[in-house]
Amino acid sequence: MRAMVLDRQREPLRPAELPDPEPARGQVLISVAACGVCRTDLHIVDGDLTEPKLPLILGHQIVGTVVGAGEEADRFAAGARVGVPWLGWTCGECRYCRSDRENLCDRPLFTGYDIDGGYAELAVADQRYCFPIPDGYPDEQAAPLLCAGLIGYRALRLVGDAERLGLYGFGASAHILCQVAVGQGRRVFVFTKEGDTEGQGFARRLGAEWAGASTEAPPEELDGAIVFAPIGPLMTAALRASAKGARIISAGIHMSDIPAFPYELLWGERVLGSVANLTRRDGEEFLQLAPQVPVRTEVEVHPLTAADEALDSIRSGCLRGAAVLDVAGSVGQ
Ligand SMILES: [Zn+2]
Ligand SMILES: [Zn+2]
């Protein structure tokens, strides 16, 4: 199979021909149609996340069809369209797994980090962690739902029922969550890099009531916020913009340091928090909800061999929506 391989961090990916993977017990073999490119992939390549398996095939927003199965893997019929998310395996035994918090498992395996992912024509995945993909979404538009969508959805749940919701950073995840939040009747306020008027216009088109620079104060206090951009000072900016009782949740796996701040910013039962990974229940709930909103993903499609360019488009911050690899070469055909 063709794949893009990360041999060492901070180096470009290498196009490679590899032997086809064999599904082990409980695993399905998937012919990858499309794979979303996530900011987490960038953190892996750039060395912000320090313990990937190497060499590694990145990619944890896989959409494809089941073309084979190992022993005791009969959950999906051949030809079923499935999605594979970041959470690839959990131990089922630790105190987190036993208390319905498998997202916090002590010994997890993550797709495209500990397990080879979807920047390849074929992938294997534990069938218990795969999701059926809702009809009505083409492969490339379904892919960003699998991380940008459902980890964002978990962050939205942690924010609680905040009516005036701030979104800091407007990339793949925020452009999905903005639609979900507006659909829930929330008022959405979007913060982008200074001068990104195009991004601010994009946010307003997706239903945001206000969009401006993260250095600006919103027209009203926020009841909660999700910080998508990996920039620690945005956590304190969100606190400054928030009303009493607001929950400020960081949705990313890596962030620069949060600067010291006076306690009075936190006073008034404000909460700073983070979201980590996902549970399978989050995924099932979100994939049911997405077609009802309905969430429309805006995607920039790249061929598999242009994975580095796709990563660069996230790094530069000039991407509208989500980047997706068209692995099967089938988009637009
Ligand atoms: Zn566990
Ligand atoms: Zn991700």
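The values are calculated or read from the model by the stated rules, or taken from the named source; none is laboratory data. This structure is a prediction, so every number in the text was calculated from the model and none was measured. No Cβ is skipped: glycine too gets one built from the backbone with ideal geometry, and neighbour counts run over all protein chains shown. The area values use the complete protein model at the heavy-atom level, side chains included, leaving out ligands, DNA and RNA. Shrake-Rupley method; radii C 1.70, N 1.55, O 1.52, S 1.80 Å.
Results, tabulated for the structure shown:
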{"quantity": "Selected residue (criterion: surrounded by the most Cβ atoms within 10 Å (Cβ to Cβ)) from residues of segment 179-217 that are under 19 Å from residue 296 (Cα atoms), touching a residue at least 40 places away in the same chain (Cβ under 8 Å) and not aromatic (Phe, Trp, Tyr)", "calculated": "208"}
{"quantity": "Unmet criterion (only one of (1) within 16 Å of ligand 1 (Cβ to nearest atom); (2) open to solvent by 50 Å² or more (accessible area, probe 1.4 Å); (3) not hydrophobic (A, V, I, L, M, F, W, C)) for residue 79", "calculated": "(1)"}
{"quantity": "Residue under evaluation residue 52, criteria (1) part of a loop (DSSP other than H, G, I, E, B); (2) within 16 Å of ligand 1 (Cβ to nearest atom); (3) of a type outside the set (Asp, Glu); (4) buried (at least 17 other Cβ atoms within 10 Å of the Cβ), criterion not met", "calculated": "(2)"}
{"quantity": "Odd one out for residue 87, checked against (1) of a type in the set (A, V, I, L, M); (2) within 16 Å of ligand 1 (Cβ to nearest atom); (3) more than 16 Å from residue 276 (Cα to Cα)", "calculated": "(3)"}
{"quantity": "Conditions (1) away from ligand 1 (no atom under 16 Å from the Cβ); (2) open to solvent by 10 Å² or more (accessible area, probe 1.4 Å); (3) modelled with pLDDT of 95 or more; number of the one not met by residue 4", "calculated": "(2)"}
{"quantity": "Any hit, segment 171-178, residues being at pLDDT 95 or above and either away from ligand 2 (no atom under 16 Å from the Cβ) or open to solvent by 50 Å² or more (accessible area, probe 1.4 Å) (or both)", "calculated": "yes"}
{"quantity": "Residues (open to solvent by 30 Å² or more (accessible area, probe 1.4 Å) and either among the hydrophobic types (A, V, I, L, M, F, W, C) or assigned to a helix (DSSP H, G or I) (or both)) located in segment 321-333", "calculated": "328, 331"}
{"quantity": "Failed criterion for residue 93 (all others in (1) of a type outside the set (Gly, Ala, Ser); (2) within 16 Å of ligand 1 (Cβ to nearest atom); (3) not in a loop (DSSP other than H, G, I, E, B) hold)", "calculated": "(3)"}
{"quantity": "Count - residues of segment 26-42 that are within 15 Å of ligand 2 (Cβ to nearest atom) and within 14 Å of residue 124 (Cα to Cα)", "calculated": "1"}
{"quantity": "Segment 240-271, subset open to solvent by less than 80 Å² (accessible area, probe 1.4 Å) and hydroxyl-bearing (Ser, Thr, Tyr), residue nearest to residue 170 (Cα to Cα)", "calculated": "250"}
{"quantity": "Selection status of residue 145, over 14 Å from residue 63 (Cα atoms), at pLDDT 95 or above, open to solvent by less than 30 Å² (accessible area, probe 1.4 Å) and aliphatic (A, V, I, L, M)", "calculated": "no"}
{"quantity": "Residue count, segment 4-37 (criterion: closer than 21 Å to residue 299 by Cβ and part of a strand (DSSP E or B))", "calculated": "9"}
{"quantity": "Matching entry among 316, 274 (being among the small types (Gly, Ala, Ser), under 15 Å from the mean Cα position of the chain (by Cα) and open to solvent by 50 Å² or more (accessible area, probe 1.4 Å))", "calculated": "274"}
{"quantity": "Only listed residue being modelled with pLDDT under 95, within 17 Å of the chain's Cα centre (by Cα) and of a type outside the set (A, V, I, L, M), chosen from 117, 112, 152, 136", "calculated": "152"}
